[in-house]
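Notes for the one structure printed next.
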Amino acid sequence: MIDQLSDDMKKLVLLGIGAVALTAEKSKKLVDELVKKGELSVEQGRVLNEELKHHVKEKVEGAKEACAKQRMERLQEQVKTLSKEELEQLKAAILAQENIASDEE
């Protein structure tokens with residue numbers, strides 16, 4: 001059960017990173033294509049590309065927040081289904097992670 005939680009979190013993080021990379025790549029290709037066709041000057045293309053990056057960054061931040069909220073809700077629901085033994089294992093894992101984090105500070 002704990003392994004499933006960890007895998008789900010990894011998948012969500014990778015999904016977010018993939019979405020950002022794909023969006024940035026697509027926007028750059030679009031701007032480059034418009035510049036190539038002469039519909040935009042190079043300077044306009046740079047400005048537009050920066051605006052697109054900023055817009056994408058805002059959207060990604062919003063998506064991250066929504067994803068984190070959903071992830072927390074799913075995690076809370078999954079924790080409710082844990083057996084006493086699984087709950088103890090989860091507590092031990094959290095304590096170990098807290099100790100690692102405090103050692104790194």
task = Choose one answer from V60, V42, V31: the residue with the largest mean-square fluctuation in a GNM of the chain with alpha-carbon springs under 10 Å.
result = V42
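What is the diffusion coefficient of the chain in µm²/s, taking the Kirkwood radius over Cα pairs and the Stokes-Einstein relation at 20 °C with a viscosity of 1.002 mPa s? Walk me through the intermediate numbers first.
Values: Rh = 17.1 Å.
For the chosen part, D equals 126 µm²/s.
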note = Of every hundred units of 1.4 Å-probe accessible area on the chain, the number belonging to carbon and sulfur atoms, as a percent, is 58
ask   = How big is the accessible area of E58 in square angstrom, nearest 10, if you roll a 1.4 angstrom probe over the protein chains?
value = 100
ask   = So which residue, out of E43, E77, E61, gets the largest mean-square fluctuation from a GNM of the chain using Cα contacts under 10 Å as springs?
value = E43
Computed accessible area, L30, all protein chains, 1.4 angstrom probe, square angstrom = 100
message = Could you report the chain's accessible area per residue, 1.4 Å probe, as an integer in Å²?
response = 81
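Rounded to two decimals, what is Rg over Rh for region 26-77 when you use alpha-carbon atoms and the Kirkwood radius? It would help to have the intermediate numbers written out before the result.
Numbers: Rg = 16.9 Å, Rh = 12.8 Å.
My calculation puts Rg/Rh at 1.32.
The values are calculated or read from the model by the stated rules, or taken from the named source; none is laboratory data. Quick caveat, the model's predicted, so the values are computed rather than measured. Surface areas here come from the heavy atoms of the whole protein model, side chains and all, with no ligands, DNA or RNA. Shrake-Rupley method; radii C 1.70, N 1.55, O 1.52, S 1.80 Å.
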